[in-house]
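Structure, as structure tokens:
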Amino acid sequence: MVSPSGPVKDTKPDSAQRDENSDTLKYQLLGPSLTKAGQDAVDQQKVSEIIYEASKGSKFFNHEQDRDRNLTVKIERILKEKAHLEKLDLSQDLRRADEYLAELELTRDLSQYVIHVDCDAFFAAVEELDRPELKTVPMAVGKGVLTTCNYLARKFGVRSGMASFVAKKLCPQLILLPMNYDKYTAKAKEIREIMAQYDPLFESASIDEAYLNITAYCAENELDPEETVQRMRAEILQTTKVSVSAGIAANAKIAKIASNKNKPNGQFRVPNDRAAIMEFMRELPVRKVNGVGRVFERELGSIGIETCGDIYPHRALLTRLFGEKAFQFLAQCYLGLGRTKIEPVETHERKSVGTETTFHEIGDRGEIRAKLDWVSRELEGDLARTQFKGRTLVLKVKLHTFEVLTRQTAVSRAISQAKDLYNIALPMLAKLEKEIPGMKLRLLGLRCTNLVSTKKAGINFFGAAAVQARPISAERLDLKAADHEITAEEAFEGAARQEIQDEMNDLEQLSQEAAILPDATVPTEPDPPPAQWDCPICGRAQTADDRVFNDHVDFCLSRQTIREAIQDSSETPEETTVHSNRKRKPTSQASSSDADPRQRRLFFH
DNA sequence: GCGGATCAC
DNA sequence: TATGGTGATCCGC
């Protein structure tokens with residue numbers, strides 16, 4: 001935690017500097033969804049005061065204050081660097097920037113009609129369908145933190161992402177409803193069925209958002225994009241009783257921005273015309289662009305970039321101040337470029353599976369282990385559902401101060417069982433406890449990365465569905481070259497190997513079905529000796545050296561697995577008990593693609 | 001490759 | 001009294 005020695009005296013901070021940046025902090029506390037719709041008629045000044053007063057002195061508040069101070073320091077560095085750069089000869093940087101802009105311009109594609117469809121206050125709207133009387137009162141969905149609120153609630157300054165007790169301060173009569181995720185999923189499905197008629201390859205960006213390419217539909221039906229979208233929105237409203245808003249543009253980035261223009265129950269089009277697009281972007285606050293959050297907004301603002309049009313005069317500085325990726329992202333913002341390729345989300349390759357849970361502050365080591373046990377089992381279930389194993393395990397903790405730490409361990413073999421997850425995670429946890437005496441947690445999470453698919457290999461190798469299996473299969477086959485095409489022979493070998501692996505896994509799973517996690521819930525474990533830890537599997541004392549220790553645990557795990565597999569192989573029932581569609585967790589799919597500032601997407605045609 | 005940070009929803 | 005869960009990417013080391 002950076003603690004600047006005393007309040008920062010800055011020559012020209014964001015706006016006005018009062019008592020220790022309370023302005024920027026208050027702005028920070030307003031939350032991330034400030035730029036969303038429905039806030040125009042709200043007295044932000046008053047709202048921020050109320051939030052500030054409600055939060056003051058809490059641990060959350062103190063953490064936000066720390067972050068705010070750190071950002072102020074970082075911005076100071078940026079400003080100093082900028083002043084330094086301006087004394088130099090930047091003609092090289094300027095030329096490079098202009099070359100890149102020219103190169104980007106060549107990729108501009110105005111031939112497609114892309115739309116972004118966004119349900120209006122979706123969760124709240126679905127609840128209002130069941131209970132129409134809620135339409136006339138301010139209402140929000142979510143416990144602890146709000147996920148959505150209706151437009152009446154927004155009039156009070158209530159927003160998604162806000163702590164509910166703060167929302168109650170802003171609007172004491174606010175009705176709070178618990179989430180009904182299954183209900184929202186069902187309604188989302190109805191809406192998607194309609195959207196599929198307009199673009200069968202549409203892309204779900206989240207439960208309540210989608211991108212469609214309606215170019216073909218417009219041509220076939222001899223309709224304007226605007227008429228098409230009117231028709232689709234009317235159809236959705238009529239048959240599902242949910243209103244949606246839409247943006248129409250030449251690419252996904254602008255369509256997304258446009259869908260917020262006439263919310264709720266409206267649509268907005270930016271014509272497929274270069275001049276119109278450039279003009280639209282020129283006055284657009286950078287914060288409206290997907291990928292620019294509160295932090296980047298402040299950083300950009302500090303050097304005088306508030307709208308996308310402001311990017312151009314600063315183009316020579318951007319790479320040095322924010323990095324290559326950020327420059328490329330901003331260049332696309334200035335030009336109004338974005339992807340035109342819309343594809344089903346299933347074609348995306350998943351990169352991680354994780355679970356985390358927040359609880360009341362816990363300092364007791366036994367209780368923390370019980371939480372780890374629970375999270376391990378949750379993750380096992382999620383991995384079974386998604387059909388993955390992981391070769392890297394990431395432990396995440398949030399301290400009682402709201403500070404977040406992660407630790408990861410690479411495992412030589414892919415794991416998915418609660419017992420393995422727990423056993424790999426425990427040493428990481430123990431090490432943290434050693435590093436942070438008296439550690440108190442408010443969150444614990446586990447995530448698997450470096451995924452390996454456990455889907456049956458069979459048809460995927462030869463059938464049309466091969467697209468999904470390819471990248472992972474390549475890894476499974478130990479192919480070194482990423483772009484290596486899989487031959488039928490290799491595929492067969494891979495499939496055969498997979499069969500064996502699956503069998504092993506099944507045996508493993510069966511053998512552990514009755515087994516309780518070893519030492520999983522030992523209530524009070526004495527502190528490990530300062531220089532050594534006990535291996536969670538064999539119990540032998542090991543050194544404190546990370547690598548040696550982890551290697552040993554890994555070794556123990558694989559040995560144990562083999563032993564159990566042999567023991568149990570005499571009695572192998574037919575079927576493995578797979579955790580089939582158990583409780584469904586709100587796994588909002590990753591919203592895809594044009595979301596990251598540092599991610600560049602070029603589209604050649 | 002690891003850990004911190006940012007971002008979206 | 002009290003501030004979420006899932007997934008992704010980028011940066012600096």
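The values are calculated or read from the model by the stated rules, or taken from the named source; none is laboratory data. If you're wondering where the values come from, they're calculated on a predicted model, not measured in any experiment. FYI the Cβ positions are ideal-geometry reconstructions off the backbone, even for glycines, and counts take in every protein chain you see.
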- Query: Restricted to the stretch A:54-71, and to residues that are of a type in the set (D, E, K, R) and within 10 Å of DNA strand C (Cβ to nearest atom), which residue is surrounded by the most Cβ atoms within 10 Å (Cβ to Cβ)?
  - Reply: A:E64
- Enumeration of residues in the stretch A:113-152 that are without any contact (Cβ under 8 Å) to a residue 24 or more places away in the chain and within 13 Å of A:P264 (Cα to Cα): A:L152
- Task: For A:I342, state whether it is under 28 Å from A:L88 (Cβ atoms) and either within 13 Å of DNA strand B (Cβ to nearest atom) or not polar (S, T, N, Q) (or both).
- Result: no
- Can you tell me which residue among A:G338, A:G301, A:G293, A:G323 is in contact (Cβ under 8 Å) with a residue 12 or more places away in the chain and farther than 30 Å from A:E64 by Cα? A:G338
- Message: Of the conditions (1) within 15 Å of DNA strand B (Cβ to nearest atom); (2) in contact with a strand residue (DSSP E or B) (Cβ under 6 Å, 6 or more places away or on another chain), A:G291 satisfies every one except a single condition; which number is it?
- Response: (2)
- Item | Yes/no for A:K155 being of a type in the set (K, R), surrounded by fewer than 17 Cβ atoms within 10 Å (Cβ to Cβ) and over 14 Å from A:V42 (Cα atoms) | no
- Condition test on A:S204, is it among the small types (G, A, S) and within 16 Å of DNA strand B (Cβ to nearest atom)? yes
- Message: Checking A:V141 against (1) crowded, with 19+ Cβ neighbours inside 10 Å; (2) among the β-branched types (V, I, T); (3) away from DNA strand B (no atom under 16 Å from the Cβ), only one condition comes out false. Which one?
- Response: (3)
- So which residues in the stretch A:165-185 are in a helix (DSSP H, G or I) and either touching a Phe, Trp or Tyr at 6+ places or on another chain (Cβ under 7 Å) or more than 16 Å from DNA strand B (Cβ to nearest atom) (or both)? A:F165, A:V166, A:A167, A:K168, A:K169, A:L170, A:D182, A:K183, A:Y184
- Message: Take A:M162 and tell me if it is within 14 Å of DNA strand B (Cβ to nearest atom) and either among the aromatic types (F, W, Y) or surrounded by 21 or more Cβ atoms within 10 Å (Cβ to Cβ) (or both).
- Response: yes
- Which of (1) under 25 Å from the mean Cα position of the chain (by Cα); (2) without any contact (Cβ under 8 Å) to a residue 40 or more places away in the chain; (3) closer than 18 Å to A:L101 by Cα; (4) buried (at least 18 other Cβ atoms within 10 Å of the Cβ) is the odd one out, the single condition A:D310 does not satisfy? (1)
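Does the stretch A:410-419 contain at least one residue that is within 11 Å of DNA strand C (Cβ to nearest atom) and touching an Asp or Glu at 6+ places or on another chain (Cβ under 9 Å)?
No, because not a single residue in the stretch A:410-419 is within 11 Å of DNA strand C (Cβ to nearest atom) and touching an Asp or Glu at 6+ places or on another chain (Cβ under 9 Å).
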- Does A:Y211 count as of a type in the set (F, W, Y) and either assigned by TED's automatic domain parsing to the domain that holds A:E343 or not in a helix (DSSP H, G or I) (or both)? yes
- So how many residues does the stretch A:398-442 have that are in contact with a strand residue (DSSP E or B) (Cβ under 6 Å, 6 or more places away or on another chain), over 17 Å from A:V353 (Cβ atoms) and within 9 Å of DNA strand B (Cβ to nearest atom)? 4
- Query: For the stretch A:232-262, how many residues are part of a loop (DSSP other than H, G, I, E, B), within 14 Å of A:V117 (Cβ to Cβ), within 16 Å of DNA strand B (Cβ to nearest atom) and not β-branched (V, I, T)?
  - Reply: 3
- Can A:R320 be described as surrounded by 18 or more Cβ atoms within 10 Å (Cβ to Cβ), charged (D, E, K, R), more than 12 Å from DNA strand B (Cβ to nearest atom) and under 30 Å from A:F280 (Cα atoms)? no
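Of the residues A:E367, A:E343, which is among the acidic types (D, E), closer than 30 Å to A:N213 by Cβ and outside the structural domain of A:A255 (by TED's automatic domain parsing)?
A:E343
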- Query: So which of A:T72, A:T107 is assigned to a helix (DSSP H, G or I), at pLDDT 95 or above and among the hydroxyl-bearing types (S, T, Y)?
  - Reply: A:T72
- Task: Looking only at the stretch A:413-458, count how many residues are part of a helix (DSSP H, G or I) and at pLDDT 95 or above.
- Result: 18
- Filtered residues of the stretch A:72-105 (kept if touching a Leu at 6+ places or on another chain (Cβ under 9 Å), surrounded by 15 or more Cβ atoms within 10 Å (Cβ to Cβ) and acidic (D, E)): A:D93
